[in-house]
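Have a look at the structure below, then the notes.
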Amino acid sequence: MDTSPIAGLVAACALIAACESQPAVTFVANGSQFNVLSLTDERDTCDAPARLGYLTWWDGATLRGCWVRDGGHIRMRITDLDDLRIPVGDFRSTEIADYRNRTLD
């Protein structure tokens with residue numbers, strides 16, 4: 001039995017999975033204390049209803065944390081840091097959020 005089509009299928013699936021390994025950023029905000037706060041719609045290790053987010057400092061260092069809508073703010077919790085509270089109006093949607101019809105409401 002020729003297994004080359006099966007091996008090709010397995011390789012294609014692995015390649016697709018590798019391309020999708022990074023959660024899609026749906027909203028971003030720039031700040032004075034940090035460079036960019038990026039929100040995703042992935043849960044990752046966050047407890048519901050929180051979602052995965054990334055905080056990028058001016059030096060390029062990036063931390064992972066969990067975000068949740070808290071009234072008119074987005075609250076980002078990162079281990080060993082005080083919670084960040086950013087007004088919802090400071091965030092802008094990405095093309096992915098627009099395509100998926102996502103909002104922060």
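Bear in mind that the values in this text are calculations on the coordinates, not laboratory data. All values reported here derive from a predicted model rather than from experimental measurement. All Cβ positions, even for glycine, are placed from backbone atoms using ideal geometry, and neighbour counts span all protein chains on display.
Numbers at a glance
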{"item": "Cα gyration tensor shape of segment 23-100, rounded if a/c is under 1.5, else prolate or oblate by comparing a/b with b/c", "result": "rounded"}
{"item": "Relative contact order (%) - criterion: Cα under 8 Å, at least six apart; region: segment 23-100", "result": "27"}
{"item": "J(HN,Hα) series, segment 50-67, from Karplus relation 6.51 cos²θ - 1.76 cosθ + 1.60, nearest Hz, glycine and proline x", "result": "5, 10, 6, x, 10, 10, 10, 7, 5, 7, x, 5, 10, 10, 9, x, 10, 10"}
{"item": "Local net charge near Ile74, Cβ-Cβ under 11 Å (Lys/Arg +1, Asp/Glu -1)", "result": "+2"}
{"item": "Charged-residue dipole, Cβ positions (Lys, Arg, Asp, Glu), segment 23-100 about Cα centre, Debye nearest 20", "result": "140"}
{"item": "Net charge contributed by nearby residues that have their C-beta within less than 14 Å of Arg85 (K/R +1, D/E -1)", "result": "-1"}
{"item": "Karplus-derived HN-Hα couplings along segment 71-79 (A = 6.51, B = -1.76, C = 1.60, θ = phi - 60°), whole Hz, x at Gly and Pro", "result": "x, x, 10, 9, 9, 10, 10, 10, 3"}
